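> Below is a structure I'd like to ask you about.
The values are calculated or read from the model by the stated rules, or taken from the named source; none is laboratory data. Every value quoted in this text rests on a predicted model; they were computed, and no experiment measured them. Every residue, glycine as well, gets a Cβ built from its backbone with ideal geometry; the counts of neighbours run over all protein chains shown. Just the protein is used for accessible areas: all its heavy atoms, side chains included, with ligands, DNA and RNA removed. Shrake-Rupley method; radii C 1.70, N 1.55, O 1.52, S 1.80 Å.
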Amino acid sequence: MELGGVKTEFAGSNYIYAATHPDYVDPGCPTNQLKKFLASPEARAHWATAPSVAKRIIDIVGSTDLPLRLAVGEDAWKLIKDSVISTDKSLDRWRRLSEGP
């Protein structure tokens, strides 16, 4: 299960940030990207609710055809889809070299 953001207080008042180590102050650092995502009201608008996540878990648990990845939440689906598209483009770009003699 690939869980996206969930509208709870995990990323709100319950989230405590430690002091940032000097090696990680770059805004492009993955940790800082995550902090920006967690603080973004626009991103939170696309997060799933806790009851909807629970329902999806219950719905999938009895399945005999489990997916390798089940994106839960609009944001999770988009992140995975964007990654698949990027990988597909990269594969196509290097196909000749990959399949070559």
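> What number of lysine-lysine pairs in the chain show an alpha-carbon separation below 28 angstrom, given a sequence spacing of 8 or more or placement on distinct chains?
So the count of such lysine pairs works out to 15.
> Still on this structure, I have one more. Counting other Cβ atoms within 10 Å, which GluC sites (Glu not before Pro) in the stretch 1-96 have at most 10 and lie in a DSSP loop?
Working: sites: Glu2, Glu9, Glu42, Glu74; in loops: Glu9.
Hits after loop and neighbour filter: Glu9.
> A further question follows. For the stretch 9-36 and the stretch 77-101, compute the distance between their C-alpha centroids and round to whole Å.
A separation of 30 Å, based on Cα centres.
> Got a number for carbon plus sulfur as a percent of the stretch 17-101's accessible area, 1.4 Å probe? Each step should come with its number before you reach the end.
Numbers: 4320 of 7060 Å².
Answer for the stretch 17-101: carbon and sulfur cover 61 percent of the accessible area.
> Related question: Calculated from the structure, volume of the Cα convex hull per residue in Å³ equals which of [x] 160; [y] 120; [z] 138?
So the structure-derived entry is [x].
> With springs connecting C-alpha atoms under 10 Å apart, model the chain as a Gaussian network and identify which of Ala43, Ala19, Ala76 has the largest mean-square fluctuation.
Ala19
> Among Leu79, Trp94, Ser52, which residue has its Cα positioned farthest towards the positive end of the charge dipole of the stretch 50-101, with +1 placed on the Cβ of Lys and Arg, -1 on the Cβ of Asp and Glu, and the dipole taken about the Cα centre?
Positive-end residue among those listed: Trp94.
> Return the distance in nm (one decimal) between the two label points of a simple spin-label model at Ile80 and Ala43, each offset 7 Å from Cα along Cα→Cβ.
Here the modelled spin labels are 1.9 nm apart.
> Averaged per residue, what accessible surface does the chain expose to a 1.4 Å probe, in Å²?
Accessible surface, normalised per residue, equals 82 Å².
> Mind putting a number on the dipole of the chain about its Cα centre? Charges go on the C-beta only, +1 for Lys and Arg and -1 for Asp and Glu, and I need it in Debye to the nearest 20.
120
> Ranked from the most accessible area to the least, with a 1.4 Å probe and all protein chains present, what is the order of Asp82, Asp59? Intermediate results must be reported in sequence, preceding the final value.
Working: Asp82 70, Asp59 95 Å².
Per-residue accessible area, sorted high to low, gives Asp59, Asp82.
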